[in-house]
Amino acid sequence: MQFREGTPLYSYEVQRDGGEDVVYMNYLGAPFVPSLTDYPEVMEKTVDVLIENPNISRIVFVQQKNYNYDFKETSMLLEIAQLYVYLIKQEKILSQEKLVTSHQRFFSQRYNQVFTFLFLLKRDPISAYSEMRKLLVEANIFFDKIGTEFKIDQKNYIVLLEKIFGFLERTKLMQTAMPYLENYQKGNREIYSKIFRPDVVPNFTFTRLVFDLPEDSEIVDQYKIAEGGYDESFVTILKKKDESKLVYHLIPPENSLNEDYNMLLNLARNVLIEHQPRAEEFTDTERTRQVFLNISKDLLQDLSSTKGISLSYSNLNKLARILIRHTIGFGLIEILLQDRNLQDIFINAPIPMTNIFIRHQEYDECTTNILPSQEDADSWAAKFRLISGRPLDEANPILDTQLEIGEIRARIAAIQKPLSPDGLAYAIRRHREEPWTLPLFVRNKMISPLAAGLLSFLVDGSRTLLVAGTRSSGKTSLLGSLMLEIIPKYRIIVIEDSLELPTESLRKLNYDILRMKVRSALLRTTTEVSADDGIRTSLRLGDSCLIIGEVRSVEAKALYEAMRVGALANVVAGTIHGASPYGVFDRVVNDLEVPTTSFKATDIIAVANPIKSPDGLHSWKRLVQLSEVRKHWRKDPLEEKGFVDLLRYNVEKDVLEPSDDLINGDSEVIKDIASNVKGWAGNWDAVYDNILLRARIKEEIVKVAEKTGNLNLLEAPFNVLSNDAFHKISDNVREEIGLPLSNRVFPDWQKWLNTEIKKTRI
């Protein structure tokens, strides 16, 4: 809410916001910071407004910062306002007939007493309570002293005071204040600081942020986001008493600015919003942000000079970034996306009444101290429409797109009415800045070193592979790590409806990648090409590895066409929802109507699922099964033993263990790979040695990274270097002795590793 220049001080407006009536009171230009706690005049004016507007759910004092009092706090004052009206109009406590029955000489004194009480009731209800308790004591003492002829009249007055006292005592405000009344002195407003704690929101944003740490909570962890940068923010993880879900408490840089900086941002925002970016500008969001950032810096410099406010280079950049976030950007969502520990951000409907939730890498699901506004939610929806070029309206209530801000990538799912009866809602999946790698997964215990070695071997063997799992199981991340196992000399075609796979990162690592964006299965109509057409087109684009972001719908038939073609030459891989190999079969054949014979084109199914602790409070992502699909079965692969596990997860040991079929060399897929390699055909020991060699290398990278503290060794750039060195060394050893045996390859690779570390290239 922004009051226009010249709006009278203390005036107010009532606006409908997210199903509630919010009163905005103008304190711009006031010589003090508006506070219910500190100033009785502010409380009195507020109660007067609530008397005129009895349906108010939230109070906002507008200054350079907005001071938001939530429904609970507002309802306390609203009850006081209603009590005031009731006493005046219904009870008529200032009328003569209420104050005296027969002896008029008491009227003046009693009128002054009750009037003083009513005066205090709006300004200081707790003092009014104290005053009424004092009046009752004095009235009872007077009752004992006066003659018989006055006792009935005095008794009636006492009954009136007791009635008023009872009304006030039962209010929520007084019930909340009761624990703090011991040693209370009339007029001391410190007690209100225990009751009224406003959310302080800069005037240039609408999203509310609860600044105070919740009561009855203990600190679990604290850390900084974007430490040392202009966006440095502070996070506190809290555990509230009797609540299983932790609290993610964020303090961003915008909430620690002084009044001068807030004023500059308010003025600058009013100027910038006059220029709304055109739709075409959002086709290149990075360029648009850079242009607006430069404009913001110039504007802030000019305003600071005009207002005589000192502004350092560092603070200029800090304010400019904040300004961009809250004009053409996505507000505090951008701060959350900078937290590498976050996996998901959930914004549920109805938006103004629901805190943002997040899924934390270490602390799982948490409630945040952020309450987004409807204005911000609507603004985000408009921007996502522009970025994606896709509709989001009642005819098309689903939007699936992606967001890229610098190195930050995220998948966005938005829904609205009628699918979401309560309005807009968002689910945001944060992608890692750099691709996941197999060593990273080994370190995080999602896979074992042996699984890493086997997956690397299968990718090199140009197999058809599906990564299956439930939601949030790490399917896409695992698929991205497998792309890094493809030798960079091979071309890769990536087909996605939502751009999640790390194609840009791989391009920077000299991968030859063609990315194709196709229509989402969730969309009704669009100008985008369908996924099945995209897959069929890819087969005409030359010899390539084919990566499918997710198999969702009719494109499955086209994918299996690609698998049957690609299995002879290049790896074909994708993700699919399914909790087991048979679950994948059931979905592909029965739901997506792929012929049974076509399904046999699948070589490998890797299943990733979350594993939960016995108390249900913790979960971990794990690869729980790696199975090959045999080709001998006719109708049902489960009944005809068409699925053979190569790796199985042992939940008790939290280990992915090799099956007897793998150890004993009974894998048809691996034998098929070996049959096309000189020296491996019929030589299981040599083949298994190579798998173990790859596993040993991945494990060694993890060990050295942890030992040296150089965790960059786990990242994609080094993973590509390591794979390249492995292939070159293997080729040299093969030329020398005929086979790339581990006892020769590993020592040479280790020497290369030590050399690379010494060169400090990472």
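In this structure, is Gly228 closer than 30 Å to Asn315 by Cα, loosely packed, with under 15 Cβ neighbours inside 10 Å and either within 50 Å of the chain's Cα centre (by Cα) or in the same structural domain as Pro372 (by TED's automatic domain parsing) (or both)? When the stated conditions are applied, Gly228 passes them. Just so you know, in region 384-431 the residues that are buried (at least 18 other Cβ atoms within 10 Å of the Cβ) and charged (D, E, K, R) include one that is modelled with the lowest pLDDT, and it is Arg390. Take Ile611 and decide whether it is over 24 Å from the mean Cα position of the chain (by Cα) and assigned to a strand (DSSP E or B). It is false that Ile611 is over 24 Å from the mean Cα position of the chain (by Cα) and assigned to a strand (DSSP E or B). Exactly one residue among Pro740, Pro717 is assigned to a loop (DSSP other than H, G, I, E, B) and in contact (Cβ under 8 Å) with a residue 12 or more places away in the chain, and that residue is Pro740.
Just a yes or no: is a residue in region 357-368 surrounded by 17 or more Cβ atoms within 10 Å (Cβ to Cβ), free of Cβ contacts under 8 Å to residues at least 60 places away in the same chain and not assigned by TED's automatic domain parsing to the domain that holds Val518? Yes; the residues of region 357-368 include at least one that is surrounded by 17 or more Cβ atoms within 10 Å (Cβ to Cβ), free of Cβ contacts under 8 Å to residues at least 60 places away in the same chain and not assigned by TED's automatic domain parsing to the domain that holds Val518. Of the residues Leu161, Leu121, Leu135, the single one that is in a helix (DSSP H, G or I), out of contact with any Lys or Arg (no Cβ under 7 Å at 6 or more places or on another chain) and either of a type in the set (Gly, Ala, Ser) or within 30 Å of Arg58 (Cβ to Cβ) (or both) is Leu121.
Against the test of being of a type in the set (Asp, Glu) and closer than 30 Å to Asn255 by Cα, the options Glu169, Glu232 yield a single qualifying residue, Glu232.
Out of all the residues in region 198-215, is one or more outside any loop (DSSP other than H, G, I, E, B), among the polar types (S, T, N, Q) and surrounded by 16 or more Cβ atoms within 10 Å (Cβ to Cβ)? Scanning region 198-215, I find no residue that is outside any loop (DSSP other than H, G, I, E, B), among the polar types (S, T, N, Q) and surrounded by 16 or more Cβ atoms within 10 Å (Cβ to Cβ), so the answer is no.
Listed here are the residues, each with its yes/no results for (1) among the aliphatic types (A, V, I, L, M); (2) assigned to a loop (DSSP other than H, G, I, E, B); (3) touching a strand residue (DSSP E or B) at 6+ places or on another chain (Cβ under 6 Å); (4) surrounded by fewer than 18 Cβ atoms within 10 Å (Cβ to Cβ).
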position	(1), (2), (3), (4)
Met25	yes, no, yes, no
Ala30	yes, yes, no, yes
Asp38	no, yes, no, yes
Ile51	yes, no, no, yes
Ser57	no, no, yes, no
Val60	yes, no, yes, no
Lys92	no, yes, no, yes
Glu97	no, no, no, yes
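Pairing residues of region 329-341 that are without any contact (Cβ under 8 Å) to a residue 12 or more places away in the chain with residues that are among the acidic types (Asp, Glu), at Cβ distances under 6 Å and at least 6 apart in sequence or on separate chains, gives no pairs at all.
For region 636-654, indicate whether the set of residues that are closer than 16 Å to Ile576 by Cβ, touching a strand residue (DSSP E or B) at 6+ places or on another chain (Cβ under 7 Å) and surrounded by 13 or more Cβ atoms within 10 Å (Cβ to Cβ) is non-empty. Checked region 636-654: at least one residue is closer than 16 Å to Ile576 by Cβ, touching a strand residue (DSSP E or B) at 6+ places or on another chain (Cβ under 7 Å) and surrounded by 13 or more Cβ atoms within 10 Å (Cβ to Cβ). Whenever a residue of region 288-306 is in contact (Cβ under 8 Å) with a residue 60 or more places away in the chain and under 10 Å from Leu316 (Cβ atoms), it has no partner that is hydroxyl-bearing (Ser, Thr, Tyr) and assigned to a helix (DSSP H, G or I) lying with C-beta atoms less than 9 angstrom away and at least six residues away or across chains.
Matching residues to (1) within 27 Å of Asp422 (Cα to Cα); (2) touching a residue at least 12 places away in the same chain (Cβ under 8 Å); (3) of a type outside the set (A, V, I, L, M):
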residue	(1), (2), (3)
Tyr24	yes, yes, yes
Gly29	no, yes, yes
Phe32	no, no, yes
Val42	no, yes, no
Asn68	yes, yes, yes
Val85	no, yes, no
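With the condition kept exactly as written, say whether any residue in region 284-294 is buried (at least 17 other Cβ atoms within 10 Å of the Cβ) and modelled with pLDDT of 90 or more. No, region 284-294 has no match at all.
The values are calculated or read from the model by the stated rules, or taken from the named source; none is laboratory data. Predicted, not measured: the structure shown is a model, and the values here were computed from it. In this analysis, Cβ positions are derived from the backbone assuming ideal geometry, glycine residues included, and neighbour counts consider all displayed protein chains.
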